[in-house]
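Below is one structure; the comments refer to it alone.
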């Protein structure tokens, strides 16, 4: 019985029960304008954008790190990708988003290691820098992706790209040292060092991987919305939290051996909740309340038994 409670099947059963509960709740409360098959597919398509970002964040969150520059990188990478797409088409769009995203991740990881200050402080400071760079690169103009370059704006393009991202994460976690070492560092950094793990190296790799996935998220985001506007004054901060909630689902369910599916299903659950409140006609501020409450609940569950840990 104890083995079953720690099995993948049991984890899937919990996630499935959560999906059914929230779907049933909002379907009961507003049966006419919520939860049709077309609506559910729309919820899923929007949720996989955040799932990709959640997969990237997993690599650093398991090590006790956080990154508040994710939203700023989404904006900057999207703008760079759109600008390059105007000259080079799809290659420019993809290389621009992925290249800019990854380079920013390497820079963040390098500065974090060199400055030796908490990741929150480093990434909040860099968020402001990246927001300013995005405004400069965009030239104060809203960047619009050309209609002929919107293959990833909907099915099947967005699903194919997201599936490739999930497959990449699965491969890294199961067939490389990175997944094993990231978990080891998160469990006990001192022990990991004594085992001979180069902690700084794998933290740098973690940030680089995170922002490579952020580059993929940028492709999906600007394709889905078709435009991207540079913002300042920490306005990109709001883009950090929804993928982060998916990551917390992944961390909470990793004991069942299925962090990737937990991230994907967790983001779908969040999309159901958000759209359920929209269907009820609740004010948009309710979404912020739900976001904050969900973060508190999920963090409480994932942090249980780790009261001595600190954010690095």
**Prompt:** Considering segment 14-41 alone, what residues qualify as being loosely packed, with under 11 Cβ neighbours inside 10 Å, within 25 Å of the chain's Cα centre (by Cα) and either modelled with pLDDT under 90 or over 22 Å from residue 276 (Cα atoms) (or both)?
**Reply:** none
**Fill in**
Note: among 236, 247, 229, just one is in contact with a strand residue (DSSP E or B) (Cβ under 9 Å, 6 or more places away or on another chain), in contact (Cβ under 8 Å) with a residue 24 or more places away in the chain and either surrounded by 15 or more Cβ atoms within 10 Å (Cβ to Cβ) or under 19 Å from residue 23 (Cβ atoms) (or both), namely 229
**Prompt:** Can you spot a residue in segment 1-13 that is crowded, with 21+ Cβ neighbours inside 10 Å and at pLDDT below 95?
**Reply:** yes
**Asked** When you scan segment 77-91, how many residues do you find that are surrounded by 19 or more Cβ atoms within 10 Å (Cβ to Cβ) and either over 16 Å from the mean Cα position of the chain (by Cα) or free of Cβ contacts under 8 Å to residues at least 60 places away in the same chain (or both)?
**Response** 6
**Single match in 70, 62 (criterion: crowded, with 24+ Cβ neighbours inside 10 Å and either under 14 Å from the mean Cα position of the chain (by Cα) or closer than 16 Å to residue 243 by Cβ (or both))** = 70
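If you go through segment 104-118, how many residues are in contact (Cβ under 8 Å) with a residue 60 or more places away in the chain and either farther than 20 Å from residue 70 by Cβ or under 19 Å from the mean Cα position of the chain (by Cα) (or both)?
Looking only at that region, the number is 5.
Would you pick out the residues in segment 190-221 that are free of Cβ contacts under 8 Å to residues at least 24 places away in the same chain and surrounded by 16 or more Cβ atoms within 10 Å (Cβ to Cβ)?
192, 197, 199
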**Message:** Condition first: more than 30 Å from residue 38 (Cα to Cα) and surrounded by 15 or more Cβ atoms within 10 Å (Cβ to Cβ). Now tell me which residues in segment 138-166 satisfy that.
**Reply:** 138
**Complete:** Within segment 100-136, residues exposed (fewer than 15 other Cβ atoms within 10 Å of the Cβ) and closer than 10 Å to residue 230 by Cβ come out as 132, 136
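Go through segment 196-234 and count every residue that is part of a loop (DSSP other than H, G, I, E, B) and closer than 20 Å to residue 158 by Cβ.
Residues in segment 196-234 being part of a loop (DSSP other than H, G, I, E, B) and closer than 20 Å to residue 158 by Cβ: 1 in total.
The values are calculated or read from the model by the stated rules, or taken from the named source; none is laboratory data. Remember, it's a predicted structure, so these values are computed and weren't measured experimentally. All Cβ positions, even for glycine, are placed from backbone atoms using ideal geometry, and neighbour counts span all protein chains on display.
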